[in-house]
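Here's the structure we're looking at; comments come further down.
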Amino acid sequence: MQIEILIRSFLDGAYDERLLDIYADETKISYQRERYINAIKKFEQCYKPGDVELFSAPGRSEIGGNHTDHQNGEVLAASVNLDTIGIVKKTDDNVIRLVSDNYDEIIIRLDDVSVKEKEKETTKALIKGVVSGFLERKYAVGGFQAYITSDVLIGAGLSSSAAFETLIGTILSGLYNCGKVSATEIAIIGQYAENVYFGKPCGLMDQMASSTGNLVHIDFANPENPQVEKIDFDMEKYGYRLCITDTKGSHADLTDEYAAVPKEMKLVAKYFGKEVLRDVSANDVLENIHNLRERLGDRCVLRALHFICENERVQKEVRALKSGKIGAFLENVKDSGNSSFKYLQNVYSNQDIKNQNVSVALLVSEMLLGENGVCRVHGGGFAGTIQAFVKNEYVESYKSGMDNVFGNGSCKDLRIRKYGGIKVL
């Protein structure tokens with residue numbers, strides 16, 4: 001569609017219904033309208049006017065399954081109404097040109113998408129990795145120009161990188177493959193880009209939740225072919241909203257803390273001759289707990305039992321949502337948070353006990369909420385964010401209380417979005 005027509009249509013409110021359908025929050029329509037108009041104008045500043053298409057991919061929130069995916073476990077995740085959007089024009093020169101927010105233009109020639117060590121941990125690496133993943137699966141690729149902007153909070157556990165990878169995959173699917181590349185394939189390609197090209201050994205949960213959309217139950221028993229099940233559940237209809245609080249804790253120097261979690265879980269699995277804990281039962285651990293404690297130490301045992309119980313909790317959460325039992329669901333969310341704090345032990349770093357942002361956030365949340373919600377550590381842990389499900393009528397007072405501790409705007413009232421990576425217009 002021509003840029004002038006698009007801008008006029010947004011100004012006239014012609015797409016308000018579409019924006020509400022995607023972002024599920026009537027109070028944010030004017031923000032989204034202005035955001036898209038500004039992005040279209042930015043595209044016009046960077047590239048020649050012409051017919052453009054609009055794409056979107058959401059951030060995600062882990063609902064259940066804290067540190068389970070790397071052990072072939074199960075997770076419950078949700079796409080949220082913070083997203084990465086792209087204003088895109090198809091070209092015929094076999095070159096991708098892309099400007100992201102205020103960064104310099106990235107240029108990628110599609111006749112060379114090989115891995116380069118000097119490009120590790122760069123946006124260029126992610127794009128090349130997605131293109132390479134499409135080519136390996138015999139999908140078509142081609143050139144385009146794009147202006148991309150995101151309101152997914154960076155470093156806040158909402159997976160801005162997965163949203164970006166999903167967006168690039170959705171663009172290539174839409175422009176060159178009639179939109180027929182499945183959400184699962186786009187997610188797997190995104191993980192490949194992050195693992196091989198970017199150099200980050202992430203699991204598949206982030207990409208799968210972003211690509212698939214809505215509440216999604218993912219079983220990684222076979223990580224090459226994960227089983228994905230969408231869960232239709234309107235959280236607000238049942239009286240609750242999802243809130244995420246950024247505690248402003250630093251992730252610096254936490255690599256060893258994160259790496260120790262899967263390492264210690266796999267040591268327990270190895271004791272039983274297994275690769276991952278998915279193949280070990282609670283009875284196995286309890287019957288061998290004396291030897292495990294002597295050989296591996298207590299934390300390994302605690303983390304292993306957290307995984308086994310957390311995996312079962314995901315199944316309980318899914319059953320509760322399917323049957324409309326919000327109370328049972330919330331009880332399991334609370335139990336998940338308690339297990340992460342006490343047994344997984346990923347709420348603060350033992351190397352920096354002076355700074356315990358997440359612990360403070362959880363304590364303040366429990367004091368503010370009482371019986372009006374539940375909270376838990378969100379994502380990898382040690383620093384970053386917490387998650388809370390809050391009764392609708394208490395959301396504003398909860399946000400105010402959390403902002404008072406961590407700064408204005410720290411607590412976000414989000415909606416679960418029903419779409420993953422999509423073509424908006």
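The values are calculated or read from the model by the stated rules, or taken from the named source; none is laboratory data. Remember, it's a predicted structure, so these values are computed and weren't measured experimentally. Note that each Cβ is placed from the backbone with ideal geometry, even for glycine, and that neighbours are counted across all protein chains shown. Just the protein is used for accessible areas: all its heavy atoms, side chains included, with ligands, DNA and RNA removed. Shrake-Rupley method; radii C 1.70, N 1.55, O 1.52, S 1.80 Å.
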Discussion item. Anything in the range 285-310 that is open to solvent by 50 Å² or more (accessible area, probe 1.4 Å) and either of a type in the set (Phe, Trp, Tyr) or over 28 Å from the mean Cα position of the chain (by Cα) (or both)? List them, or say none.
Written reply: 286, 287, 289, 290, 291, 293, 294, 295, 296, 298
Fill in: residue 77 vs. criteria under 30 Å from residue 345 (Cα atoms) and not in a loop (DSSP other than H, G, I, E, B)
yes
Discussion item. Any residue at all in the range 14-37 that's within 22 Å of residue 97 (Cα to Cα) and open to solvent by 70 Å² or more (accessible area, probe 1.4 Å)?
Written reply: no
Worksheet entry | Candidates 194, 185, 229 - the one that is touching a His at 6+ places or on another chain (Cβ under 8 Å) and modelled with pLDDT of 90 or more | 229
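Condition check ((1) surrounded by 15 or more Cβ atoms within 10 Å (Cβ to Cβ); (2) part of a strand (DSSP E or B); (3) not charged (D, E, K, R)) across all residues:
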{"site": "229", "(1), (2), (3)": "no, yes, no"}
{"site": "244", "(1), (2), (3)": "yes, yes, yes"}
{"site": "256", "(1), (2), (3)": "no, no, no"}
{"site": "259", "(1), (2), (3)": "no, no, yes"}
{"site": "264", "(1), (2), (3)": "yes, no, no"}
{"site": "268", "(1), (2), (3)": "yes, no, yes"}
{"site": "324", "(1), (2), (3)": "no, no, yes"}
Practice prompt. Determine if the range 198-214 includes at least one residue that is closer than 23 Å to residue 66 by Cα and in contact with a His (Cβ under 8 Å, 6 or more places away or on another chain).
Written response: yes
Worksheet item: Just wondering, is there one or more residues in the range 38-55 that are in a strand (DSSP E or B), open to solvent by less than 20 Å² (accessible area, probe 1.4 Å) and either at pLDDT below 95 or of a type in the set (Phe, Trp, Tyr) (or both)?
Response: yes
Worksheet item: Is there a residue being buried (at least 24 other Cβ atoms within 10 Å of the Cβ), of a type in the set (Ser, Thr, Tyr) and part of a strand (DSSP E or B) anywhere in the range 94-102?
Response: no
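Pull up the range 67-113, narrow it to residues that are of a type in the set (Ser, Thr, Tyr) and in contact (Cβ under 8 Å) with a residue 24 or more places away in the chain, then point me to the one that is nearest to residue 420 (Cα to Cα).
79
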Worksheet entry | Matching residues, the range 217-227, being part of a loop (DSSP other than H, G, I, E, B) and hydrophobic (A, V, I, L, M, F, W, C) | 220, 221
Discussion item. Looking only at the range 171-216, count every residue that is farther than 23 Å from residue 142 by Cβ, assigned to a loop (DSSP other than H, G, I, E, B) and polar (S, T, N, Q) and tell me the total.
Written reply: 1
Worksheet, complete the sentence: Within the range 349-389, the residues that are open to solvent by 70 Å² or more (accessible area, probe 1.4 Å) and assigned to a loop (DSSP other than H, G, I, E, B) are 350, 351, 353, 354, 355, 371
Worksheet item: If you check 249, 273, which single one turns out to be more than 30 Å from residue 118 (Cβ to Cβ) and crowded, with 20+ Cβ neighbours inside 10 Å?
Response: 249
Worksheet, complete the sentence: Cβ pairs under 8 Å, 6+ apart or interchain, first in the range 1-12 and at positive phi and without any contact (Cβ under 8 Å) to a residue 12 or more places away in the chain, second of a type in the set (S, T, N, Q) and part of a helix (DSSP H, G or I), ordered by first then second residue, are none
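Residue-wise test of (1) surrounded by fewer than 24 Cβ atoms within 10 Å (Cβ to Cβ); (2) within 18 Å of the chain's Cα centre (by Cα).
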{"residue": "108", "(1), (2)": "yes, no"}
{"residue": "118", "(1), (2)": "yes, no"}
{"residue": "130", "(1), (2)": "no, yes"}
{"residue": "133", "(1), (2)": "no, no"}
{"residue": "153", "(1), (2)": "yes, yes"}
Worksheet item: Within the range 194-203, is even one residue over 24 Å from residue 385 (Cα atoms) and surrounded by 24 or more Cβ atoms within 10 Å (Cβ to Cβ)?
Response: yes
Worksheet item: If you go through the range 407-423 one residue at a time, do you hit one that is among the acidic types (Asp, Glu), closer than 27 Å to residue 163 by Cα and either open to solvent by less than 20 Å² (accessible area, probe 1.4 Å) or outside any helix (DSSP H, G or I) (or both)?
Response: yes
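Which one of 81, 66 is more than 20 Å from residue 168 (Cα to Cα) and in contact with a strand residue (DSSP E or B) (Cβ under 9 Å, 6 or more places away or on another chain)?
Of 81, 66, the one residue that is more than 20 Å from residue 168 (Cα to Cα) and in contact with a strand residue (DSSP E or B) (Cβ under 9 Å, 6 or more places away or on another chain) is 66.
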